[in-house]
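Below: one structure, written as structure tokens.
The values are calculated or read from the model by the stated rules, or taken from the named source; none is laboratory data. Here the structure is a predicted model, which is why all the values come from computation and not from measurement. Heads up, the Cβs are rebuilt from the backbone with ideal geometry, glycines too, and the neighbour counts pull from every protein chain shown. Heavy atoms of the whole protein, side chains included, go into the accessibility calculation; ligands, DNA and RNA do not. Shrake-Rupley method; radii C 1.70, N 1.55, O 1.52, S 1.80 Å.
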Amino acid sequence: MPLVTGKDLLVKARAHQYGIGAFNTDNLETTQAIIEAAEEMKSPVMLAITEGAMNHSRKRVVDIALYEANRASVPVAVHLDHGENYEICLQCIRLGFTSVMIDKSHLDEASNIAETKRVVEAAHAVGVSVEAEIGVLSGIEEALNVSADHAQLTKPDEAERFMLATEADSLAIAIGTSHGPNKGIGRPFIDHERIKAIADRVPQPLVMHGASGIAQDLVKRLNEAGGALKNAVGIHDEDSAKAVTEGIAKINVGTDLRLAGMTALREVLKQKPAEIDLRKVLGSGP
């Protein structure tokens, strides 16, 4: 099936109150797992690739994602996650991405608007959709480490001004989620009233980053197989389900795939210490 844009998927999702999963991939095995799961569920999906994943694989992960996406029986968008600047967004557009994210949320409002507009103008000229971000999530995203004290929740009036000024296709908002496996102590607080207030002002699809659930049975299995993951908690399913009825159309998941993959790898290495065929080891995850 031909690739689709993020906008193609997300506008429908917001209108009909369901969420599109955007899953981070770094390699062949993860990409195949995402596509196979999407086909099994008969669900559209977004393959999310960071600049770090591209650098690690010397951009081979892009070739893999495009190949698998074009062969899929469900609609797939290939998406740049957390693009740091105009140049990487353009590079990804030229490589064949159908959706890019420009993340200048750490800048002041005027600078974020200016940089986002540059990307929107270039991307829209060739039919590629753009995600932007207002607010700052805590946790670790690639090389960026933001403490809880420096996280900034999205303000509804700022979000409205931003989207009117930039004409971006979707907006990532900070509403209490965080990147990584350590999302606080106990159940993370998701500000549903903030989601609804932003959605009342912003008609475009909204995006929830840092939405991994961190299944506790996987944490237990990982640690039993030699891992050492402490204080790992995630977003509850009911919070994500509720959010998609309030304006969230895209759910970003990365840590859950890494957790599942590393759990499977640790278990097979522990159970089969004589195994030397890398294909059989990597084939166990994610």
If I filter region 82-103 for residues that are at pLDDT 95 or above and under 19 Å from residue 259 (Cβ atoms), do I get at least one hit?
no
Given (1) under 14 Å from the mean Cα position of the chain (by Cα); (2) not in a helix (DSSP H, G or I), index of the condition residue 74 fails
(1)
Considering only region 219-286, give the helices (runs of 4 or more DSSP H) lying wholly within it that have at least 3 residues that are aliphatic (A, V, I, L, M) and within 21 Å of the chain's Cα centre (by Cα).
255-271
Name the residue, out of 146, 128, 119, that is modelled with pLDDT under 95, of a type in the set (A, V, I, L, M, F, W, C), within 21 Å of the chain's Cα centre (by Cα) and buried (at least 17 other Cβ atoms within 10 Å of the Cβ).
146
Report yes if residue 4 is outside any helix (DSSP H, G or I) and β-branched (Val, Ile, Thr), otherwise no.
yes
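Output the residues belonging to region 89-109 that are closer than 20 Å to residue 61 by Cα, outside any loop (DSSP other than H, G, I, E, B) and open to solvent by 10 Å² or more (accessible area, probe 1.4 Å). Can you show your working first?
So in region 89-109, the residues closer than 20 Å to residue 61 by Cα come out as 89-102.
If we keep only those that are outside any loop (DSSP other than H, G, I, E, B) too, we end up with 89-95, 99-102.
Result: 90, 91, 93, 94, 95.
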Of the residues that make up region 267-275, is at least one in contact with a Pro (Cβ under 8 Å, 6 or more places away or on another chain) and touching a residue at least 40 places away in the same chain (Cβ under 8 Å)?
no
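Determine whether region 218-237 contains at least one residue that is loosely packed, with under 13 Cβ neighbours inside 10 Å and among the aliphatic types (A, V, I, L, M). Write out each step before concluding.
Start the filter on region 218-237 by keeping residues that are loosely packed, with under 13 Cβ neighbours inside 10 Å, which leaves 224, 226, 228, 230-231, 237.
Within this subset, residues satisfying the condition of being among the aliphatic types (A, V, I, L, M) are 228.
Among the residues of region 218-237, at least one is loosely packed, with under 13 Cβ neighbours inside 10 Å and among the aliphatic types (A, V, I, L, M), which makes the answer yes.
Based on what the data block shows, is residue 43 touching a Gly at 6+ places or on another chain (Cβ under 8 Å) and open to solvent by 30 Å² or more (accessible area, probe 1.4 Å)? Let's see the steps before the verdict.
On the way: touching a Gly at 6+ places or on another chain (Cβ under 8 Å): yes; open to solvent by 30 Å² or more (accessible area, probe 1.4 Å): yes.
Yes: the conditions hold for residue 43.
State whether one or more residues within region 157-171 are part of a loop (DSSP other than H, G, I, E, B), open to solvent by less than 30 Å² (accessible area, probe 1.4 Å) and without any contact (Cβ under 8 Å) to a residue 40 or more places away in the chain. Spell out how you get there, then give the answer.
Let us first name the residues in region 157-171 that are part of a loop (DSSP other than H, G, I, E, B), namely 167-169.
Still in the list and also open to solvent by less than 30 Å² (accessible area, probe 1.4 Å): 168-169.
Cutting the leftovers down to without any contact (Cβ under 8 Å) to a residue 40 or more places away in the chain gives us none.
No, every residue in region 157-171 fails to be part of a loop (DSSP other than H, G, I, E, B), open to solvent by less than 30 Å² (accessible area, probe 1.4 Å) and without any contact (Cβ under 8 Å) to a residue 40 or more places away in the chain.
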